[in-house]
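Here is the structure we will look at.
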Amino acid sequence: MSTIPNPNRMKKTSTSAFRIVLLVACGFVLSAFRVTAVASTPLINLVGEDAAIVMIAHDAPKIVKSYKDGPWLEMWNDNQIKRFLAPLHAKLKSEEWDEKVKAKTGLTIEELLGLVQGDYLIALKSMPANIDKVSSEDMPLIIAAEIGDNKARVEKLIATLVSEKSASRTTDSEDYAGVTINIIKNTGKADGAENTAWAIVDKTFLLSPSKAAIISTIEAIKNGGAENAFGKSERYLRMRQRTGDAQVMYAVNFQAIYPAINDAFAKKAASGGRDAAYIDYTTLASALGFNALKDIYFGANYGTDNVTASGAITYTERRGLLSLLTFGDGSVKIPEYASADWPTVNVVNYSIPQAFTALEQLLEAINPGVSMMIQGQLESAKQGLGIDIKRDLIETLGEQIVSANILPAGVTANDTGFSEKIGVLYVISLKDARTFQNAIETLKRSSGLENHPMLVQREYLGNTITTINTGAKQVSYTIARNQLVVGIGSPTIVEFLVQNLANGTTAPLAERNDVRENFAAAPADTVSFSVQNTAFTFRLLCDAFAALPQLSEYVDSSATPSVEFFEKHFGNSYGWMTSESDGLYFTSKMFYKK
């Protein structure tokens, strides 16, 4: 491990300055996308295998080219998007950015983005035990960027910024092993909070709130990498194997984070042991299975015709919350009743009965008292309602769940109030449809809902469809061909599904060429497969932004982009997931319009 140097080796000077971290760091974050040169030590090797969080950007020239060649820049500059986001641009005064940056730094945004000429790294080298109270010096966060031959330009930029005097900031510089470490101090914080250190080593720019983190990274550069470097570890190599040629990768090491979580629970336990809900905090972290989690990682590759994202949640065993991941055997099938014109479809092999059993065990481990109370309520329901909820309802469910968005008859994707008219469909396979049906009818009779005016029943193709008029949206359900069909929205979507179950669909989703091609690309043991009309999804997101009070002030809902607009730029998206003994592994692809 790196050691903290003898302070006698350091020389100090002092000048006035103000904090420059945010502007400089943002410039380096953005400029990581303009890369041509590389440093001698790969940035991924500057942190150890036990790093808590790592973000690394690779092969930025390819990212830049993909960004320019893909639809993102063109779409961003389109007048329709500009009109939709006009309130946001007005609040941010984005049209003034270039002028303000030029006045502040002496560089245009384009020139600022060109300062970094190599990879970019952000890493939390370890997880502090008291992260909510940790000082800046004890925060082992490091930002590193390969700047190639731009050392003089970066130093000039920082000199320009620090030339603006600030009464609450001073700058010290210290020499360590031939490298100048610059420290910006907040003189208004006696405890050292909000200090920032930076240095340039060879062709690598370093930034951190912690001088110790800068020093250990300098040593890693001079030694050709950190001890037990993350980039050389088996964990990282497995991640790269799964994420392929990911240009950007994020990784969270839960084994490094767990001690801080457990410590927080231990402090809670020390303050009282159990709270009013009788939760034992001394065992809570373990009961939830946090110590069984290994890595959560995600990688993205920006290709010429698509964006591919791959990642995983890995673990030592499915314990605690992980025990709820009760995915069935692989080889998920796209059902024959799914129509090619459904905008979004997701099919998953998942066992609700197994998940319910796992939830019972989890509650017992976390809070035996609450678990006992719930079991008592289930027994009371059995006596009062005449059904065993677990046996007659939950355990009769099968292991295939299908969810989809459907446009009811007469509704188009560009109608006013489009999002409110969309139908949401759920289809769950049944192992014992008769028992499930009988349990539902018994439940309705026992609860007095059998003849309630809120429930409307009608026959359709030999099936009874029940619609529950909740006010905001109708909920309809039926049981047909060993499937529980639930529709939210117009009851016609349930009728549509019943018709497909009875007669088949003239245009099956599984036979669509693009679906067939991408389904074939998924592993044979896939437990989940999804298809999305990307343009449809983007339109839904725009409607959601306009509807949320926290976001509506930043968009002009009268200028919401149409589905046709997004279809000019994007094709469909596909995703799949496998469930293995050591984790869940997923891949998704978003295709551009050719």
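The values are calculated or read from the model by the stated rules, or taken from the named source; none is laboratory data. As the structure is a prediction and not an experimental result, all values here were calculated from the model. All Cβ positions, even for glycine, are placed from backbone atoms using ideal geometry, and neighbour counts span all protein chains on display. Each accessible area value is taken on the protein alone, full model and side chains, heavy atoms only, with ligands, DNA and RNA left out. Shrake-Rupley method; radii C 1.70, N 1.55, O 1.52, S 1.80 Å.
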Rounded to the nearest 10 degrees, the helix 352-366 long axis (Cα) sits at an angle to the longest Cα principal axis of the chain of 60
Rounded, prolate or oblate: which one fits the stretch 284-393, using the alpha carbon gyration tensor with axes a ≥ b ≥ c (rounded when a/c is under 1.5, else prolate when a/b beats b/c, else oblate)? oblate
Candidates (1) 28.8, 89; (2) 26.0, 79; (3) 39.5, 140; which is the computed Rg and Dmax of the Cα atoms in Å? (1)
Which order do peptides 559-567, 98-106, 479-487 fall in by mean Cβ count within 10 Å, highest first? 479-487, 559-567, 98-106
Quick one: length gained pulling Thr316 to Ala502 fully straight, 0.36 nm per residue minus the C-alpha distance? 62.5 nm
For Lys593, net neighbour charge (Lys/Arg +1, Asp/Glu -1) across residues whose Cβ lies under 12 Å away: -2
If each of Asp280 and Ser447 carries a label point 7 Å out from its Cα toward its Cβ, how far apart are those two points in nm? 3.5
Classified through the alpha carbon gyration tensor (a ≥ b ≥ c as square roots of its eigenvalues; rounded if a/c is under 1.5, else prolate when a/b is larger than b/c, else oblate), the stretch 427-499 comes out oblate
Average Cα contact separation per residue, the chain, under 8 Å, 6 or more apart, as relative contact order %: 15
Using alpha carbons only, how many degrees (0 to 90, rounded to 10) separate the axis of helix 234-243 from the longest principal axis of the chain? 60
Ranked by accessible surface with a 1.4 Å probe, highest first, in what order do Leu325, Leu115 come? Leu325, Leu115
Given the pairs Lys185/Lys222; Lys62/Lys125; Lys333/Lys390; Lys156/Lys203; Lys125/Lys268; Lys65/Lys203, which are separated by over 20 angstrom at their Cα positions? Lys185/Lys222; Lys62/Lys125; Lys333/Lys390; Lys125/Lys268; Lys65/Lys203
Calculate the dipole size of the chain relative to its Cα centre from +1 charges on Lys and Arg beta carbons and -1 charges on Asp and Glu beta carbons; express the result in debye to the nearest 20. 960
I want the local charge near Ala507. Using Cβ-Cβ distances under 12 Å, sum +1 for each Lys or Arg and -1 for each Asp or Glu among the other residues. -2
Quote the accessible area belonging to Trp72 in square angstrom, nearest 10, computed with a 1.4 Å probe and with ligands, DNA and RNA left uncounted. 70
Measure nothing fancy, just the Cα-based angle from helix 151-162's long axis to the longest principal axis of the chain, in degrees from 0 to 90, nearest 10. 90
So what J values fall out for the stretch 308-313 if you push phi through Karplus, 6.51 cos²θ - 1.76 cosθ + 1.60 with θ = phi - 60°, rounded to Hz, Gly and Pro as x? 10, 10, 9, x, 6, 10
Sort out for me the Cα centre separation of the stretch 318-387 from the stretch 126-149, rounded to whole Å. 41
Show me, for the stretch 516-522, the HN-Hα J-couplings you get by feeding each phi into the Karplus relation (A = 6.51, B = -1.76, C = 1.60, θ = phi - 60°), rounded to Hz, glycine and proline as x. 4, 5, 6, 5, 5, 6, 6
HN-Hα J in Hz across the stretch 385-396 - Karplus 6.51, -1.76, 1.60, θ = phi - 60°, x for Gly and Pro: 9, x, 9, 9, 4, 5, 6, 8, 10, 5, 6, 8
Under the rule of at least 5 residues apart or a separate chain, name every residue whose amide H is placed under 5 Å from the amide H of Lys294. Thr314, Tyr315, Thr316
If you take the square roots of the eigenvalues of the alpha-carbon gyration tensor of the stretch 448-574 and sort them as a ≥ b ≥ c, do you get rounded (a/c under 1.5), prolate (a/b over b/c) or oblate? oblate
Can you give the net charge of the other residues whose Cβ lies under 15 Å from the Cβ of Phe529, counting K and R as +1 and D and E as -1? -3
Assigned charges on the beta-carbon of Lys, Arg, Asp, Glu; the stretch 220-323 dipole about Cα centre (debye): 160
